[in-house]
Structure formats: C-alpha cells, structure tokens
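Here the structure comes first, spelled out in structure tokens, and everything after it is commentary.
The values are calculated or read from the model by the stated rules, or taken from the named source; none is laboratory data. Nothing here was measured: the structure is a model prediction, and the numbers come from that model. So basically every Cβ, Gly included, is an ideal-geometry build from the backbone, and we count neighbours across all protein chains shown.
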C-alpha cells in the first residue's frame, strides 16, 4: 500500500472507526490500541477494496474483529480485564451522554455493533448484514430485540 492511499483511508475513516471501537469497548485507552492495530493491518494489507463502500465495510469488519481479539487476549489477565471493564467512557460533548453505557453492556457484542452501525452511523440493515456477514432479516431481528431489551431496562430504572 502506498503512503498517500493509507493517508486517504485514515483521514476518511479514522474517526468513524474510533467512535465504533469506543462504542464496543467503552474505553478510550483500549480504543486507541485497537485503532492502531486496525491501521497496522491496513498498512500491511495488499488488497484493500477500491470501492469506497466496500472499503468502509471491510474496515468496520477489521475493527470489530480486532476489538474481539483484543479482549480475548486480555481475558487471560484478570487484573487487566477488570481495569478495562470497570472504566466507562462517556464523552461530554456527546448528545447521548445521558444514556448510560451500563444498559448497553448487558447486550451481546453483535447487538451492540448493530445498534451502533444503524443508529449512530446510519447504515441500513442490509449494509450492516454485509459488514457482519449476517442476513438482513437476522440483523433486523437482533436490532429489534436489542432495542426491546434497552427499553425494558430503562423503564425498570425509571420506576
């Protein structure tokens, strides 16, 4: 990969990937490490998709897999894992800052990913299905169930 191609990918997709990783991990330090890992993989890859949409799908898949790998490796070290799971990240300038991460932590990783990609990034269910290698209908069902769980949790909390 040439340097100007890498810079273009980083400038175009870096912020979106970082927000996605923070959404998955709830931790700024972990997100920094994971994003670095993602772009190391991009730099080493010889066959990055040329099409903008395909490149973005590919990058989100790499970011998701890198996040899962990061926590699988860290699970071996309980002290390390405890440090990252107890720390929650809520940016002050985020309009959704009143929404807590605790409710989202109770959702499976795949459902968190679907909600982020659909609600925060604006992807359609079909695009999300392509990114996560799931059928469109399965993505719809998982999103519906995740939102239902969140509604129930928030209702219980308010009562």
- Query: Restricted to the stretch 13-43, and to residues that are touching a residue at least 40 places away in the same chain (Cβ under 8 Å) and either more than 14 Å from the chain's Cα centre (by Cα) or assigned by TED's automatic domain parsing to the domain that holds residue 107 (or both), which residue is nearest to residue 66 (Cα to Cα)?
  - Reply: 42
- Item | Subset tally (residues that are under 18 Å from residue 23 (Cα atoms) and either under 18 Å from the mean Cα position of the chain (by Cα) or outside any helix (DSSP H, G or I) (or both)) for the stretch 140-159 | 5
- Members of the stretch 140-159 found to be at pLDDT 85 or above and either touching a helix residue (DSSP H, G or I) at 6+ places or on another chain (Cβ under 9 Å) or outside the structural domain of residue 104 (by TED's automatic domain parsing) (or both), listed by number: 140, 142, 143, 145, 146, 147, 149
- Kindly provide the set of residues from the stretch 1-30 that are surrounded by fewer than 13 Cβ atoms within 10 Å (Cβ to Cβ) and in a helix (DSSP H, G or I), ordered by number. 3, 4, 7, 8, 11, 15, 29
- Item | helices (runs of 4 or more DSSP H) wholly inside the stretch 31-122 containing at least 2 residues that are loosely packed, with under 14 Cβ neighbours inside 10 Å and modelled with pLDDT under 80 | 52-74, 78-86, 101-105
